[in-house]
1. Students often get this wrong, so try it: which of (1) 16.3; (2) 17.4; (3) 22.7 is Kirkwood radius over Cα pairs in Å as calculated from the structure shown?
2. With Cβ to Cβ distances under 14 Å as the rule, what net charge do the other residues near residue 78 carry (K, R +1; D, E -1)?
3. Residues in segment 66-80 near a label at residue 102, defined as backbone nitrogen under 14 Å from the 7 Å Cα→Cβ point?
4. By the scheme Lys and Arg +1, Asp and Glu -1, what is the net charge of all other residues having a beta-carbon under 9 Å from that of residue 142?
5. In nm, to one decimal, how far is the modelled label at residue 84 from the one at residue 55, with both set 7 Å along Cα→Cβ?
6. Could you size up the charge dipole of the chain around its Cα centre, putting +1 on the beta carbon of Lys and Arg and -1 on that of Asp and Glu, and report it in debye to the nearest 20?
7. What does the charge count around residue 44 come to, taking other residues whose C-beta lies under 13 Å from its C-beta (Lys +1, Arg +1, Asp -1, Glu -1)?
8. May I ask for the angle, rounded to the nearest 10°, between helix 89-102 and the longest principal axis of the chain, with both axes built from Cα atoms and the value confined to 0 to 90°?
Amino acid sequence: MFRLFRRPAARGEADVLDLQRELAGLRLQLAERDLALERLRGDLAKARGRAGDLAGERARADVERLVTAVGTPLVQLATVVHLRAADNLLDIAGRLIRALGQEGVLAGGVGAAQPFDPDRHDPLSMIGTPRPGEPVVVRVAGLEYHGKVLRKAGVELVQS
């Protein structure tokens, strides 16, 4: 009778040992996953930092390109204003406007006919408000930066 009771007890002890071993293995796997997760979080933080650095470099390069494009006429304009030499003013202003247009900052050349786009154009008159796609003439240039409209171009309907 002693054997009969002892055997299940031994079996129960073996089951407990098996469960303890399994628990230890699962704890080890969990610790390894925690380490892997921390390593991935560190990698993500580094990648975000690099992306931020690249975005900053790109923005600086864009501004540098713009300043380079408008730099000469801007410096000349500042000098002309200082010297009050108005005879060169229109020529220099024209170069500045062309440089800004080539860089995509000035949107819509004054006098240019374009199809009306309410996202890019602002009617100058409430009389005869244009419908999208209808031909209009730009009367006041707009401003854009990286494709974002900062100031809509002022337009009027094309007179037939």
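1. (3)
2. +2
3. Only 66-74 fall inside the zone, counting backbone N under 14 Å.
4. Values: positive: 120, 151, 152; negative: 122, 144.
That sum, taken over residues with Cβ under 9 Å, equals +1.
5. 4.9 nm
6. So the dipole magnitude of the chain works out to roughly 780 debye.
7. Details: positive: 39, 41, 46, 48, 50; negative: 38, 43.
Here the count lands on +3.
8. Between the helix axis and the principal axis of the chain, the angle is about 30 degrees.
Computed from the coordinates by the stated procedures, all read-outs in this text should not be read as laboratory data. Here the structure is a predicted model, which means the values were calculated and not measured. Heads up, the Cβs are rebuilt from the backbone with ideal geometry, glycines too, and the neighbour counts pull from every protein chain shown.
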